[in-house]
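Below you'll find the structure, written out as structure tokens, and then a few comments.
Please treat every number below as a calculation from the coordinates, not as lab data. Just so you know, these numbers come straight off a predicted model, no measurement behind them. When we count neighbours, we look across all protein chains shown, and the Cβ atoms used for this are built from the backbone with ideal geometry, even at glycine.
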Amino acid sequence: MRAGLGRLHLAPDAFWRLTLPELAAALEGAFGIAPEPPGRARLERLMTLFPDTPQETPTP
């Protein structure tokens, strides 16, 4: 919504009538092509660098 209404300056009714492919094309035209998502190797490296750790929950 922020990109469509704020950055693309679409009227609310025009924004809500857009299909997802139309919105994607408008965003690509305004901001360029989005980078490729990370592959498995990159995700595994990120998981190694930033592992999930259990959080302690305080007892009442």
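Rounded to the nearest 500, what is the 222 nm mean residue ellipticity of the chain from helices alone, with -39500 (n - 2.57) per DSSP H run of 4+ residues and division by all residues?
Details: 3 runs with 28 residues, N = 60.
Mean residue ellipticity at 222 nm (helix-derived): -13500 deg cm²/dmol.
Which of LEU18, LEU49, LEU27 ends up with the largest GNM mean-square fluctuation for the chain, with Cα atoms connected below 10 Å?
The residue with the greatest mean-square fluctuation here is LEU49.
I'd like the orientation of helix 40-49 relative to the chain: the angle between its Cα long axis and the longest Cα principal axis, in ° from 0 to 90, rounded to 10.
Once rounded, one gets 50 degrees.
Output needed for the chain: three equivalent-ellipsoid semi-axes, defined as square roots of 5 times the C-alpha gyration tensor eigenvalues, in descending order, whole Å.
37, 21, 9
Would you mind working out the magnitude of the charge dipole of the chain relative to its Cα centre, with +1 at each Lys and Arg C-beta and -1 at each Asp and Glu C-beta, to the nearest 20 Debye?
Computed about the Cα centre, the dipole is about 120 debye.
Mind pulling the angle between the C-alpha long axis of helix 20-31 and the longest principal axis of the chain? Nearest 10 degrees, somewhere in 0 to 90.
90
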